[in-house]
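Let me begin by presenting the structure, written as structure tokens, before commenting on it.
The values are calculated or read from the model by the stated rules, or taken from the named source; none is laboratory data. Predicted model, so just to flag it, every value in this text is computed and none were measured. When we count neighbours, we look across all protein chains shown, and the Cβ atoms used for this are built from the backbone with ideal geometry, even at glycine.
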């Protein structure tokens, strides 16, 4: 008999994050047509909109394909009030002591609004360009050593450490982070080595947007590994979203994203994905296999983004009620943290928040759900009457 999988407890409330597109943004996938200049002004607009709309935080990507996440977070944070910033540390690129000082500083100057995303890296070519020549499992071994030291430093300890990859003598911080013992640690890794690191070290395990049944299987494996180490983890998922007032309009918008994607660009993207040794990336690739014809891989889960985008490659597509129900499906298998994005990111941040937030059990307050703020809500009718305050679908 096979090992029985025990379901993870359902999440009762959801933390919803958005995304700062520091690697580019636009109206179409795989094309400069409709492309948008992503400069500090634009990123500030997305961050301010996310803050105003009541998103819990924003994820900043990492790697040579995008602007540096630490610099951008530092630049835009002063223009926001409550928004958290999910910024990456890269074991192997930084010493844990330097990373701990950077973390403590950014956490303090944002008044405790920092979340750390631990990224091991899954592209051997990019890794070599950054000076990392370690095999897959070795990279996770250095990630584990890095986190052992990094967490102790942030907790205020004096650290002496001699591992296979790292050596520290009397490492310590003079200025601690605001959050104790350290900012929350997010991490994603689908391989056995990655899951072992997650089970031993982080707070929230992230997965990319696979069908709910597959996500449930993966989370059960991770939870079992954490239980064996006497630890409990939260779970999160990284997805895109395409929401419109009707399902037909949402699917048209999804298909429109591929309007200018030519076969040469698609082939080049698939070749790049194939060189990666990330198990998570291979699972994303397997959902569509580079084929445009069968992109709805689960009800309302569309793999079209992954034809040309690395990492998160699936989107929830549908009207507000449908998308909210799909989110609740993931909540039922244990997901409590959602990191969404959509094209273009500024407009889709508004659309998703306005249409879907009222339908979700949010763990964080949203100004959209308040009606006592005063001032215009919708345009004044005939220069004389205020429109009734109600949500989409209410009569």
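Figures for the structure shown
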{"quantity": "Residues that are more than 19 Å from residue 150 (Cβ to Cβ) and surrounded by 17 or more Cβ atoms within 10 Å (Cβ to Cβ), drawn from segment 114-130", "calculated": "122, 123, 124, 126, 127"}
{"quantity": "Filter result (buried (at least 17 other Cβ atoms within 10 Å of the Cβ) and under 27 Å from residue 359 (Cβ atoms)) within segment 248-272", "calculated": "250, 251, 253, 254, 257"}
{"quantity": "Residue that is modelled with the highest pLDDT [pool: residues in segment 276-306 that are in a loop (DSSP other than H, G, I, E, B) and touching a helix residue (DSSP H, G or I) at 6+ places or on another chain (Cβ under 6 Å)]", "calculated": "300"}
{"quantity": "Residue identified as more than 14 Å from the chain's Cα centre (by Cα) and more than 30 Å from residue 138 (Cβ to Cβ) among 92, 57, 30, 63", "calculated": "30"}
{"quantity": "Single residue of 109, 116 found to be at pLDDT 90 or above and touching a strand residue (DSSP E or B) at 6+ places or on another chain (Cβ under 8 Å)", "calculated": "116"}
{"quantity": "Residues within segment 221-240 that are touching a strand residue (DSSP E or B) at 6+ places or on another chain (Cβ under 6 Å) and surrounded by fewer than 19 Cβ atoms within 10 Å (Cβ to Cβ), tallied", "calculated": "1"}
{"quantity": "Residue list for segment 17-51, restricted to those being touching a helix residue (DSSP H, G or I) at 6+ places or on another chain (Cβ under 6 Å), touching a residue at least 60 places away in the same chain (Cβ under 8 Å) and assigned to a helix (DSSP H, G or I)", "calculated": "45, 46, 49, 50"}
{"quantity": "Of all residues making up segment 111-144, the number that are touching a residue at least 40 places away in the same chain (Cβ under 8 Å) and more than 23 Å from residue 274 (Cβ to Cβ)", "calculated": "12"}
